[in-house]
Amino acid sequence: MKLLSFIANGRASFGAVRDNGVVDLGTRMAGCTTLRQLLETNRVAEAAKLALSAAPDHPLDKITFAPVIPDPGKIICVGLNYRDHVAETGRTVTEKPALFVRFPCSQVGHLQPIVKPKVSDDFDYEGELALVIGKAGRHIPASRALDHIAGYSCYNEGSVRDWQRHTSQFLSGKTFAESGSFGPWLVTTDEIPDPSKLTLQTRLNGTVVQDTTTDLLITAISELIAYVSAICPLVPGDVIVTGTPGGVGAKRTPPLWMRPGDTVEVEISGIGILRNRVIAEPA
């Protein structure tokens, strides 16, 4: 099942994709007005039954896509989690994953513009696989970690490289307002039982700039969940963005930056295509 957050007729809601349309679950499920609330109340099975029995309320091309989880409690990102990306940065593989955070205001939905900030021209793409937590846990064993996932989505972790290099900490370049994107939808785990068997491709203006498979992650998804849940509880709606492969624009000669007017796409097998155009930050 594909679940998404959207805006239609001026109202924010969530729903399920069916027959090239959206079944509005926010109007059908009492007590659930957001996808995060659906996960928190453990009503995904109920949502699936409703989605199968109801006709779509909106065509997909008539909605505004919101980030899959517009209001996550946590967005935890993983740096340097593919060996080719580690190599191109000139770093070495660390024993434990490198973590940093993004804020909800830093992300937009599918087909919404991502914003190049006016303080920098060094705006880079990072195609990544994102997972959404569906079952709360702390100190989750890696052997049971996949049971805590609600589903998977695409993420473009837009990075402002010169600001990222201001200090040894990544955050300042990683969470500019509306600089990244999350979507188009969440594909539930029954459709992706093994997240290590996916292909990921990033394209800038139709040209492939990143191409990998998720079995090449240095720290696998189950180990990431185990590690993060040792630090803090994971709760439904939390997002973990698992890392970008080699091919980033900053490490090309000359550097390849996203510019206003560009279109960037992140495609992951079994999920779909996250597409955004780039605009300049308004004056």
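Each reported figure results from applying straightforward, stated rules to the coordinates on display, with no laboratory input. Note that this is a predicted model, so its numbers are computed, not measured. Don't worry about glycine lacking a Cβ; one is built from the backbone with ideal geometry, like all the others, and counts go over all protein chains shown.
Observations on the model:
- Quarter the surface of the alpha carbon convex hull of the range 1-115 and you get the mean projected area, 9.6 square nanometres.
- Partner lysines whose Cα lies under 18 Å from the Cα of Lys251, excluding those fewer than 8 positions away in the same chain, are identified as Lys174.
- Linear extension gain, Asp61 paired with Ser168, 0.36 nm per residue minus alpha-carbon span: 34.3 nm
- The value of relative contact order for the range 2-65, using C-alpha pairs under 8 Å at least six residues apart, is 39 percent.
- Residue-count net charge about Gln201 - beta-carbon cut-off 9 Å; Lys, Arg +1, Asp, Glu -1: -2
- Across the range 2-65 the C-alpha pair distances fall into 5 Å bins from zero in the proportions 4, 20, 35, 25, 13, 3 percent.
- Under the criterion of Cα pairs below 8 Å and six or more residues apart, the relative contact order for the chain equals 25 percent.
- Cut-off 18 Å (backbone N to label point 7 Å along Cα→Cβ of Asp147), residues of the range 41-62: 42-45
- The length gained on full extension between Ala48 and Ile279, counted as 0.36 nm times the residue separation minus their Cα-Cα distance, comes to 79.5 nm.
- At 0.692 mPa s and 37 °C, Stokes D of the chain from Kirkwood alpha-carbon radius, µm² per second: 174 µm²/s
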